[in-house]
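A quick write-up on the structure given underneath.
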Amino acid sequence: MSENRTLEKVKNCAWWPCWRNETIECCHTGDRCQKAKMSTGNKFGLMIHIEEPKYPWEVVHMDWVIALPPSGDRGSNACLVIVDRYSKAPIFLPFHKDDTAMDTALLLWSRVISHTGLLKNSMSDRD
C-alpha cells in the first residue's frame, strides 16, 4: 500500500496523539512496508566478458569468508580464499575479520605475489 492509502485507512479506524507522524514513520521504517515496496534503484550493470588467462596466476578471484570460529595460534576468525582462474588452484589464508585493507594487501603480497609474481588482474566481491 502507498503511504497515502495507509494514512486514509488509519484515519478511518483509529486516532491517537501524533498518529499521522507515527504512521508515516512506520511506512518509512517498518519491516513489512519495506519488503512490500517496489525497487526503484538502478539495476545491475551489463555483464562484461572476462578474458581467459593464458598463464597460471595471471588472473585470480578473491573471496572473504568471515564469521568463522577462532582457530590457530593467532585465533584467526576469517579466511581469504584466492583461486587462480587458469589452474583453479586455491590458496586459503587465515586472517582476522577486523584486519584492514593494508593488512590484507600485506598478507596477499607476502603469501601469494612473492611466490607467483605480479597478477595481471584480480577480482573480488568487495570494493
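The values are calculated or read from the model by the stated rules, or taken from the named source; none is laboratory data. Keep in mind it's a predicted model, so treat the numbers as computed, not measured. Ideal geometry is used to build each Cβ from the backbone, glycine not excepted, and the neighbour counts take in all protein chains shown.
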Do you know which residues across the stretch 69-108 are small (Gly, Ala, Ser) and either within 16 Å of residue 123 (Cα to Cα) or not in a loop (DSSP other than H, G, I, E, B) (or both)?
-> 71, 76, 78, 87, 89, 101, 105
Could you please tell me which pairs satisfy a Cβ distance under 6 Å, a separation of 6+ or placement on different chains, a first residue in the stretch 16-35 that is at negative phi, and a second residue that is in a loop (DSSP other than H, G, I, E, B) and among the hydrophobic types (A, V, I, L, M, F, W, C)?
-> none
Can you tell me which residues in the stretch 113-127 are in contact (Cβ under 8 Å) with a residue 40 or more places away in the chain and surrounded by 10 or more Cβ atoms within 10 Å (Cβ to Cβ)?
-> 116, 117, 119, 120, 121, 122, 123, 124
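Yes or no, residue by residue, for (1) modelled with pLDDT under 90; (2) in a strand (DSSP E or B):
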{"residue": "32", "(1), (2)": "yes, no"}
{"residue": "40", "(1), (2)": "yes, no"}
{"residue": "44", "(1), (2)": "yes, no"}
{"residue": "49", "(1), (2)": "yes, no"}
{"residue": "54", "(1), (2)": "no, no"}
{"residue": "63", "(1), (2)": "no, yes"}
{"residue": "67", "(1), (2)": "yes, no"}
